Amino acid sequence: MKKYKIAVYAITKNEEKHVDRWVSSMMEADAIYVLDTGSTDKTVEKLEKYSKVHVTQKKFTPWRFDTARNESLELVPENYDICICTDLDEVFEKGWRKKLEECWKEDTTRLQYNYNWSLDKNNRPLVNFYISKIHSRKNYTWRHPVHEVLTATTNLDNVVTTDMITVNHYPDTTKSRGSYLPLLELSVKEDPDDDRNMHYLGREYMYYGKWNEAIDTLIRHLSLPKALWKDERCASMRFIGRCYKNINRYEEAKMWYKKAKKEAPYLRDSYIELALLYYEQKNWEGVIKEVTNALNIKEKEKTYINEVFSWNETPYDLLAIAYYNIGNYVLAYKYSTLALKENPHDKRLKNNKSIIKEKMKNT
């Protein structure tokens, strides 16, 4: 097995809480290069305690993620073979270097590997998909002001996929994402035909409660010639439905959820979102039908599109409530038990199960 010269590179700002865990995870590399973009806490001080870590400081005005990523990549000397881009809230599972060297062939230029974007309290993956931020030192650049993408600068982009390497993501939920919206607007302005950025912009408008802007932008996404990935198209349709639901236009919401189901019938999310709409309307038979269809989908696709609520206690909880309201207390009890099994410390679920049990005794 060939030995390669491997470097980790990253950008950071005010992430002192992550430093020790992150460096520990990255120590299997030959060197670690960090570009600090303006920390006011002890991030730099903590990083500089490690001899393997090389820290450079630089502020960027105006801020763009791709510019900062490319500057951080430039910190890596050109005699390195493999570069690994990570963020400080990401952790490799131990032994990653040996697995990387086993996977990397002479003609490999990029590696695609497991990314657990979201984990539960027991460290079980909730949203899992592939990412490809391990790449050869030369002939790659980062593009787009936000949600930046690693892009080959030549026709040579030989990607190898492995399930042996896993990165876990432990985000700091207190950090603001306030810069994302203007950067996404800029990204779409720079490249209006990019379907991925158009989808992300529509989603961001939705997060901000800009319902009409979100609907218009997501419909634009669906109209783009490059918008062919069914999972993402399905998500845009669901988000349009979600926006209509939030402005109390329930028939349009229902129509878009049904479109989403048709677009990607192998994903649970559209069924569950429609079930949640029916729940609000007290359409219990509709809830039962949609959740049952969702639960018939046993395989979780390896995509960032997956919604956590499609695979946690929510489907069982919805069924328990629906069956209770139509008077089928046996099935209500069954599904309340399954919901509680998924989330055993939830007080509302415990209380619901007690209510159903009491109802069964008195009927």
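The values are calculated or read from the model by the stated rules, or taken from the named source; none is laboratory data. Owing to the predicted nature of the structure, the values given are computational and were not obtained by experimental measurement. Positions of Cβ are backbone-derived with ideal geometry, glycine not excepted, and every protein chain shown enters the neighbour counts. The accessibility values were calculated without ligands, DNA or RNA, using every heavy atom of the protein model including side chains. Shrake-Rupley method; radii C 1.70, N 1.55, O 1.52, S 1.80 Å.
Computed quantities for the displayed model
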| read-out | value |
| --- | --- |
| Residue ranges of helices (runs of 4 or more DSSP H) in segment 224-314 with at least 2 members more than 30 Å from D191 (Cβ to Cβ) | 250-263, 269-280, 284-295 |
| Hits in segment 296-320 (condition: more than 22 Å from the chain's Cα centre (by Cα) and surrounded by fewer than 17 Cβ atoms within 10 Å (Cβ to Cβ)) | N296 |
| Any hit, segment 316-326, residues being in a loop (DSSP other than H, G, I, E, B), of a type outside the set (A, V, I, L, M) and modelled with pLDDT of 95 or more | no |
| Near pairs, Cβ below 7 angstrom, 6+ apart or cross-chain, from segment 174-191 (surrounded by 14 or more Cβ atoms within 10 Å (Cβ to Cβ)) to any residue that is of a type in the set (F, W, Y) | S179/W63; L181/Y208; L184/Y200 |
| Residue that is nearest to D216 (Cα to Cα) [pool: residues in segment 253-286 that are surrounded by 13 or more Cβ atoms within 10 Å (Cβ to Cβ) and without any contact (Cβ under 8 Å) to a residue 12 or more places away in the chain] | P265 |
| Near pairs, Cβ below 6 angstrom, 6+ apart or cross-chain, from segment 55-77 (more than 22 Å from E16 (Cα to Cα)) to any residue that is open to solvent by 50 Å² or more (accessible area, probe 1.4 Å) | D66/R143 |
| Within segment 1-89, helices (runs of 4 or more DSSP H) holding 1 or more residues that are closer than 20 Å to P145 by Cα | 65-74 |
| Residue list for segment 69-93, restricted to those being in contact with a Leu (Cβ under 8 Å, 6 or more places away or on another chain), open to solvent by less than 10 Å² (accessible area, probe 1.4 Å) and closer than 13 Å to W142 by Cβ | S72, C83, C85 |
| Answer from E204, E213 - the residue that is in contact with a helix residue (DSSP H, G or I) (Cβ under 8 Å, 6 or more places away or on another chain), closer than 30 Å to K17 by Cα and either open to solvent by less than 70 Å² (accessible area, probe 1.4 Å) or of a type in the set (D, E) (or both) | E204 |
| Inter-residue pairs, beta-carbon under 6 Å, first acidic (D, E) and in segment 2-26, second in a helix (DSSP H, G or I) and open to solvent by 20 Å² or more (accessible area, probe 1.4 Å), 6+ apart | E16/K46 |
| Boolean, A339 is open to solvent by less than 50 Å² (accessible area, probe 1.4 Å), more than 27 Å from N248 (Cα to Cα) and part of a helix (DSSP H, G or I) | yes |
| The lone exception for W22 - which of (1) farther than 27 Å from N158 by Cα; (2) crowded, with 18+ Cβ neighbours inside 10 Å; (3) more than 22 Å from the chain's Cα centre (by Cα) it fails | (3) |
